[in-house]
Amino acid sequence: MALRAWRWAWCVLAAAGGASFAQDAEFASSPEFDEAPARARLSGVVMSKGTRDPASLAQFSIADGGVFLGEADGDGRFSFDVPPGELTIEVSAPAHRRRVVHEKLEPGQEVEVLYRLDAEFTRPYETVVRGNVDRTELARHSLTGAEAHEVAGTSGDPIRTVMLLPGVTTLASGLSYPVVRGSSPAATGFYLDGVKMPQLYHLLALTPVVHPNFIESVDFFPANAPTRFGRVSGGVVSLQTAKPRSDRFHLTVSPDLIGTSAYAEIPIVETGTNITVAGTVTYAAWVLGIINSAVKFDNGMIPTFESYDYQARIEQKVGKGNVRLLAFGSSDVGGFRAPESPNGLPNALLATSRFHRIDLRGQLPLGPGVIEVGTNVGWDTIGLDGEDTADRKATFLLNRFLATARANYRAQVGEHFQLKAGFDFEHQNTSSTVTFGIGKTGELLRQPNVQGRFTGSFVEAAFLSDKWTATAGVRVDTWHLAPSFTLVSADPRIDMRFQPIPELTLRANAGLAHQAPMLLMSLPVSDVAALGSGLQEVGQLGLGATTRFEFLGNLEASIDGFYNHHFQARERSLNEFVTGVSTLDDDYVGARWGRSYGLELMLRLPQQGRFFGWASYTLMRSERMRRFATFDENQFVTGERTAMLPFTFDQAHTLNITAGIQLPHQIKLGASFHLHTGRPESGDFGSRTMRLIDDGSGSQQWQPVPLDQVDRLPAFVRVDARVSKTVNFSVLNAELYLDVMNTFGIPEVLGNEYLFEGAPGSLQGLKRPLAVPVVLPTFGVKVNY
Amino acid sequence: MRALWFVTLVVLGSACMSNPDEILPIRGSVVSNAPVVGQPVLVRRKIQPFSTGSRGPCLADQSAPVIKETQVEADGGYRFRVFRAEGQPLGTLGQFCFRVETTFPSGSSAWSELSNALSLDNPIAPFPEWPVAPGIDGGVLVFEPAIPMPPDFFQSFTEFSSEVQLDHTLEFVSDAGLIWKARDVREEVVDGGRFFRRESLRLGDAFVEDFAGEVRLRATITDLSLRGQYLFYENALPPVQVRPARDLALQGTRVPFTRGLACPPFEPPCPFTDGVLDRVDAGQVTRLSLEVSPPREVEVLVLRDVALFGAAIEVELALEDGGVWSVEDKSVGSTDFNFEEFALVTKPDGGLVPLLSGYRAIGLDAGAPVQRVILKFPYGLARMRELSIF
């Protein structure tokens, strides 16, 4: 206040003085007194520190309430006259911390400067509106930005984020193979830019095989995916790769203790080429060596782990169209090696998994629409190797080679209609290599090759208006196993959305989906080889509504009901696949059917400003018709029964709450809460419920119960947390983050041990939960240039 | 990372856990010149509790309850789907064993005994029909062998190379129990080595004595060329046992001269010469003697269900003319390791001697009248039913 009064007084005096001076000048004016004093010019750019982004609309003024000098433009450029001499200038910009700079300019001097301002927050959350989104392929849920990469407990992995959406449960905490609406994990297809991913994680359970930055957004279809997605009977997770920014080169490097990953965007404006590359190399050997010297394993076993993955996307404008090459793959070898081979056994047991995909696609406007043609080839291997110093002694490998070709056409017909049609062909050559050697070169068993050829054709028509989107289509697939076994399936699908008012969307969808028989998760050989037992056939029906509350920050509330009828449930037993031993239920798989139904609720605050989050709840029942033996305590089989029983992965209640917030000083916090009730302890996946019986001698024994008498495992609760801090340097920034899944180390019960404890003669049966607190801390740094 | 792998292993390791609904197949075939389609095949199961003190292998006999029944198919094969819940102990304290059997229309029967819990694959060797009726000619049991007789052999156990092993067992049974038992493969221990010899099944009047009963013949077939295999281990198939269509009824008339004789150190009446086939505890005596009055020439010593430590029996004959004739018999013949009464004694040199039991016939060719017979059991006689000298 005093300062302002003083300034005001000074201005008045200055004005008075000026007027006086002018008056004096009027009388004293002479050519030698008419020249204005020389000004200086200050020009330059204002940038956001730690990036190469401009600080748009920055404002400049003389410090301490002085003259407003000017404002930078949208590119951060500025240029204005300033009085010569020593200047103290205040620079401020939205979402940046104010900065005071000192300059000294001589009269008539022009100075070019570069100012960098610290951002108050990292880039605000914003809901990305992707251009050219096909209304007929609107996913039930789409995740972008922070929702895909900054959810607590996911280590930045978008696929793990899908686990927190409604309708999705999991095998076990930490294993991100989704159980979508009560289906098998193998029933959900994962696609990267339309190319099916054979594997999600290194060695099936570790870090993701695709760099998280390579994925820009995730579209999740829990059922009734667009007809271009075929031969999948559950959900579809479609990952869109990040399109490189065309301004300049970007690089992110993330080193940590066991490996380094990198991600780069390379635009070549002159040729219209966009290149995105990413990859990870693991150098865990030195860490494992340290662990090995601290922890002595039995027989001197040394742990080993070598891994890498790569992704590359090159898009090139060609005339009016474009060509895109996508390549991705990974390779893992992990296990134990011993210094020598005891008793002739292999001295190394190594698990291996690797895959490679190369996809080439071209798009070109054609007539009223766009045609796309593409092809890809792939190689997969997964299995175990037992090695010794001389030769391999035992190998169990599943191998697959595939080659595909596809063509799609999409056209807008008039103002309200859209048509699509497409065709794809896939050739698979799968084999299992099983060798158990006697001596150096012997082998006892080798499995034959299996060849499969699949085709898919679809047509789809859509009506679009302001309020209505109605899509109807049909897909026909053929499944051919060499030499002469062929199956044909037809998948009709219909999807309707009605938006009576902008804040309310009603939707209904129905369809049929087919898939090859599947195991717990999709493995090479396992599906193709089992086609002889028929196709999985699922009818999917869904009804739902979403409303938006503008006055609550556009909070979205949605409710969906679903019913999936498994006309043919071809979910094969992992045990049968591995051991060849079948059960009564395995023999019944040709006639098995089932159903799943439930309700999904979701509250979601779209990404905006400094906050994002959602809460999802699923109430669900998934069950299958199963055949099993009933037996008494003396192990006499009293009969064979067929009954509708809860599915292996049935979990009645699932609740997820996740939120993220940006704090000042570029700190971000996030937390997630997860709860699910237990699945049946059926022995399909872990232990089987047991009962205590009297063996007739006064002692008790544990005995498995018949399948219709199994218990459920207990519920599980988990809290995840994430914190990150961004430190800015001149042209790059470093984000340090700590993400912890299961912060409080709560163990999830995956099964039970049935034991006895006590003194001989007074043993008591003990049922002890088999639980390990799976805590996944990820501490990393991302250096962005 | 370790925790994630634990989760993965628990998840995937469910493949290794026992599922009571798993199917442990038993499969085999039936061979006959006559049609066999529809012929019943049974599986019996016995649970032998550990706590009852039963020892030795679990063997399911015809008294064991039937758990599965099926029929022979057009190709002569049969298959059982036995669930793990009934094929392996799941908490039940006891040993599981099984018997797979079939009976032909002719009355012949065949079976195979599985003395352990079922494994993941349980092939059974073929069951042949044996539509023969045995007869006796000159004190020898005559019959067609159950399968073509493999080449004769007399070689050491370690050199035995025939893939098919066949032996026939004779059992003469009365209401009082097993009177006589013999195999047509004789095993001898010579200089520490085991040797096999095939011989006729003798059933002379000395073996029948004055008892009445049935002669039951049984063939045991082991085909070493047939092996079961699962993943990376293999095992030999259990032997098949076959019975012919009919048994032979027999009534003996010959009475041994030792009937009713005293046998010190046992108090009269001697329990081993009374003609009653009761098992009598011999208290590990090492010597029995019988006075022969008046002296007479002797032919054969028959011991029925004799259980002694070690195989050796020494027979010493005191001749009327003052001489002594002796013979030491170490043949094991139809002697078997005694599982029911498992026992060992320690030799003076520190070695162990097991309890063996069986039916023995020792030829006595003194060439002169005998006035005393002394039986010596170096490591003790545990038990015996009857002793007869002709």
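The values are calculated or read from the model by the stated rules, or taken from the named source; none is laboratory data. Predicted model, so just to flag it, every value in this text is computed and none were measured. Every residue, glycine as well, gets a Cβ built from its backbone with ideal geometry; the counts of neighbours run over all protein chains shown.
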Residues of region A:170-215 classified as within 14 Å of another protein chain (Cβ to nearest Cβ) and either of a type in the set (S, T, N, Q) or in contact with a helix residue (DSSP H, G or I) (Cβ under 9 Å, 6 or more places away or on another chain) (or both), total = 19
Is there a residue being part of a loop (DSSP other than H, G, I, E, B), modelled with pLDDT of 85 or more and away from chain A (no Cβ under 12 Å) anywhere in region B:5-23?
-> no
Looking at (1) within 26 Å of B:ASN19 (Cα to Cα); (2) away from chain B (no Cβ under 14 Å), which is the only condition A:VAL581 fails?
-> (2)
List the strands (runs of 3 or more DSSP E) that sit entirely inside region A:493-600 and contain at least 1 residues that are surrounded by fewer than 16 Cβ atoms within 10 Å (Cβ to Cβ) and of a type in the set (S, T, N, Q).
-> A:536-549
Restricting attention to region A:477-510, report how many residues are within 17 Å of A:LEU535 (Cβ to Cβ) and of a type in the set (A, V, I, L, M).
-> 4
Does A:ASP708 satisfy being within 30 Å of A:LYS782 (Cβ to Cβ), touching a residue at least 60 places away in the same chain (Cβ under 8 Å) and either crowded, with 17+ Cβ neighbours inside 10 Å or within 14 Å of chain B (Cβ to nearest Cβ) (or both)?
-> no
Identify all residues within region A:741-780 that are within 13 Å of chain B (Cβ to nearest Cβ), over 22 Å from A:ARG679 (Cβ atoms) and either in contact with an Asp or Glu (Cβ under 9 Å, 6 or more places away or on another chain) or among the polar types (S, T, N, Q) (or both); write none if there are none.
-> A:LEU763, A:GLY765, A:PRO777, A:THR778
Do the conditions hold for A:LEU713, that is, is it away from every other protein chain (no Cβ under 11 Å), under 20 Å from the mean Cα position of the chain (by Cα) and free of Cβ contacts under 8 Å to residues at least 60 places away in the same chain?
-> no
Screening A:THR618, A:THR648 for residues that are buried (at least 17 other Cβ atoms within 10 Å of the Cβ) and more than 14 Å from chain B (Cβ to nearest Cβ) leaves only A:THR618
How many residues does region A:674-694 contain that are facing another protein chain (nearest Cβ under 7 Å) and either surrounded by fewer than 21 Cβ atoms within 10 Å (Cβ to Cβ) or among the β-branched types (Val, Ile, Thr) (or both)?
-> 1
Return yes or no: is A:GLY613 in a strand (DSSP E or B) and in contact with a Phe, Trp or Tyr (Cβ under 7 Å, 6 or more places away or on another chain)?
-> no
Any pair with Cβ under 8 angstrom, 6 or more apart, that starts in region A:72-88 at a residue that is at positive phi and ends at one that is assigned to a strand (DSSP E or B) | A:GLY76/A:VAL45; A:GLY76/A:VAL46; A:GLY76/A:MET47; A:GLY76/A:PRO54; A:GLY85/A:LYS104; A:GLY85/A:LEU105
Which of the residues belonging to region B:81-114 are within 15 Å of B:ALA125 (Cβ to Cβ) and either within 14 Å of another protein chain (Cβ to nearest Cβ) or free of Cβ contacts under 8 Å to residues at least 40 places away in the same chain (or both)?
-> B:PHE98
Kindly provide the set of residues from region B:266-293 that are assigned to a loop (DSSP other than H, G, I, E, B) and under 14 Å from B:MET384 (Cβ atoms), ordered by number.
-> B:PHE266, B:CYS270, B:PRO271, B:PHE272, B:THR273, B:ASP274, B:GLY275, B:VAL276, B:LEU277, B:ASP278, B:ARG279
Go through region A:760-785 residue by residue and tally those that are small (Gly, Ala, Ser), crowded, with 16+ Cβ neighbours inside 10 Å and more than 30 Å from A:PHE729 (Cβ to Cβ).
-> 2
Any hit, region A:717-725, residues being more than 22 Å from A:SER176 (Cα to Cα), away from every other protein chain (no Cβ under 14 Å) and not polar (S, T, N, Q) | yes
Return the residue satisfying two criteria in turn: it lies in region A:624-641 and is assigned to a strand (DSSP E or B), within 10 Å of another protein chain (Cβ to nearest Cβ) and not hydroxyl-bearing (Ser, Thr, Tyr), and of such residues it is surrounded by the fewest Cβ atoms within 10 Å (Cβ to Cβ).
-> A:GLU640
Hey, B:ASP121 hits all of (1) touching a helix residue (DSSP H, G or I) at 6+ places or on another chain (Cβ under 9 Å); (2) surrounded by fewer than 18 Cβ atoms within 10 Å (Cβ to Cβ) but one; which does it fall short on?
-> (1)
